[in-house]
Amino acid sequence: IDLGTTNSLVAVCDDRGPRILSGDAGPMLPSVVRYSADGATVEAVGDAARASAAMHPERTVASVKRLMGRALRDAEADRKYLSYELVSGEHDTARLKVGARIITPQEVSAVVLRTLKDRAEQALGVPVRRAVVTVPAYFDDAQRQATRDAARLAGLDVLRIINEPTAAALAYGVGLRAGKPQTIAVYDLGGGTFDVSILRVTPAEKAGETGYFEVVATAGDTHLGGDDIDQAIIALLMDEVRAKHGLALTFSGRVLQTLRDLAERAKVRLSAEDAAAIRVDLGEGRTVDRTITRAELEALMSPWIERTIDRCRQALRDAKMAPGDIDTVALVGGSTRIPLVRRRVGEFFGAAPYTALDPDQVVALGASVQGAVLAGTSRAALLFDVI
Ligand code: ADP
Ligand code: MG
């Protein structure tokens, strides 16, 4: 299971190899839970919860991964990115409040994990009790423990917690086939966060022996991702609307939700096409009718992409390496579909990045490979993840 900040996925690995188990709406489950107004019950999970987020901001819980295993004082900086109320639990742990109910981040993650467990059971026709769950390489012990606790609440026994970049490398089979140690850079640009990790893979000499993945360095930005690009598009549209219809214009939750959906859709379209049209009815005869070109979007997002490259420089510095020391670059996260991202990462490392696997799915696929190894279905050498 890839328990993501924005989206989560579940994969299985059996004699047919690793594959994603999709739900009705596709492979990705938005990591979003909507509670009833009093907080007592879960009303919607995934796409349905995400689709109504701007209408019910105070009871729609998104990005809860940011709060997992964290003290409220450490999560203060995240407060302005979250639409729901944060409160302090015992030992100053971060909790959220919906209506009268205080909810732990683990409980919210458990709702997402339970949905994926049900999905897997449906697809496989057998009960699923054990799982491998991925976490960012920079997660500390408390964050990892919180992830385990969430899985336990969902009725899953965590066989192992592995690092997301390690899972990506496993999905690509890096180090399993190569006979000598390799250095891999994993560039992960998701919805709300960016991470880059430098991994050293020491393969096992023979089957049955132990090889290992070592995270040599990790850098990133916990507030940098696809959401920033969506916001930049929304800001552009709003400025134009205000210029045309008056500065004091306010937007309803429904209009904001529409703008957010359209901005994201336009961004995704611009990864494949040169132009995307956005048309929104704001009511009272006011409309937005605007075509954004890929060149325009690239100019808008270029500062963010340069910030990710700066973080790559930092990770290499920490690892005491140069771009040329990297044998393989793997791209992870939905935002790495953006052509400008691929171009800049390729330029920086001086090597074409691995893109054969779907960047949304690579972490879950790798987790399933590790699961098969631990369950004894795969004959690949056992791998340890050194943190
Ligand atoms: P996370 O790991 O944080 O849960 P994901 O890896 O699922 O996130 O990435 C989600 C982000 O990827 C969203 O911002 C989404 O808009 C973006 N994204 C998905 N597909 C594309 C695409 N084709 N072009 C640009 N951005 C995309
Ligand atoms: Mg991710």
Between residue 216 and residues 5 or more places away or on another chain, the pairs with built amide H atoms under 5 Å apart involve 198, 199, 200
Could you work out the relative contact order of segment 256-300, using alpha carbon pairs under 8 angstrom and six or more residues apart, expressed as a whole percent?
-> 33 percent
Folded to 0 to 90 degrees: helix 339-349 orientation relative to the chain principal axis, Cα | 40 degrees
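Using R₀ = 51 Å, calculate the FRET efficiency as 1/(1 + (r/R₀)^6) where r is the Cβ-Cβ separation of residue 375 and residue 238; round to 0.05.
0.50
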From the Cα gyration tensor of segment 123-175, with a ≥ b ≥ c the square roots of its eigenvalues, which class applies: rounded if a/c is under 1.5, or else prolate if a/b is larger than b/c, or else oblate?
-> oblate
Estimated FRET transfer efficiency when R0 is 41 angstrom, pair residue 73-residue 250 (beta carbons, to 0.05) = 0.80
So, with points 7 Å from each Cα along the Cβ direction, the residue 358-residue 295 label distance in nm works out to 3.3 nm
The chain: angle of helix 362-375 to the longest principal axis, Cα-based, in degrees nearest 10 = 40 degrees
Please give the calculated 222 nm ellipticity per residue for the chain, where each DSSP H segment of at least 4 residues contributes -39500 (n - 2.57) and the sum is spread over every residue; nearest 500 deg cm²/dmol?
-> -11500 deg cm²/dmol
Rounded to the nearest Å, the spacing of the alpha-carbon centers of segment 327-353 and segment 261-275 is 19 Å
Gain on full stretching of the segment that runs from residue 140 to residue 313 - 0.36 nm per residue minus C-alpha separation = 60.0 nm
Residue 272-residue 87 pseudo-label distance in nm [points 7 Å out on the Cα-to-Cβ vector] = 4.5 nm
Simple spin-label estimate for residue 40 and residue 222 in nanometres, 7 Å along Cα-Cβ | 3.4 nm
Determine, from the Cβ-Cβ distance of residue 102 and residue 19 and an R0 of 41 Å, the FRET efficiency 1/(1 + (r/R0)^6), rounded to the nearest 0.05.
-> 0.60
Anchor residue 117: lysines whose Cα lies under 24 Å away (excluding residues fewer than 8 positions away in-chain) = 65
Any idea what angle helix 226-245 forms with the longest principal axis of the chain, computed on alpha-carbon atoms, 0 to 90 degrees, nearest 10?
-> 10 degrees
May I ask for the distance between the Cα centers of segment 24-46 and segment 119-184, given as a whole number of Å?
-> 23 Å
For the chain, share of DSSP beta bridges that run antiparallel, in % to the nearest 5 = 75 percent
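Each value in this text was obtained by applying a stated rule to the coordinates, not by laboratory testing. Keep in mind the model is a prediction, meaning the values are calculated, not measured. All Cβ positions, glycine included, derive from the backbone under ideal geometry; neighbour counts span all protein chains shown.
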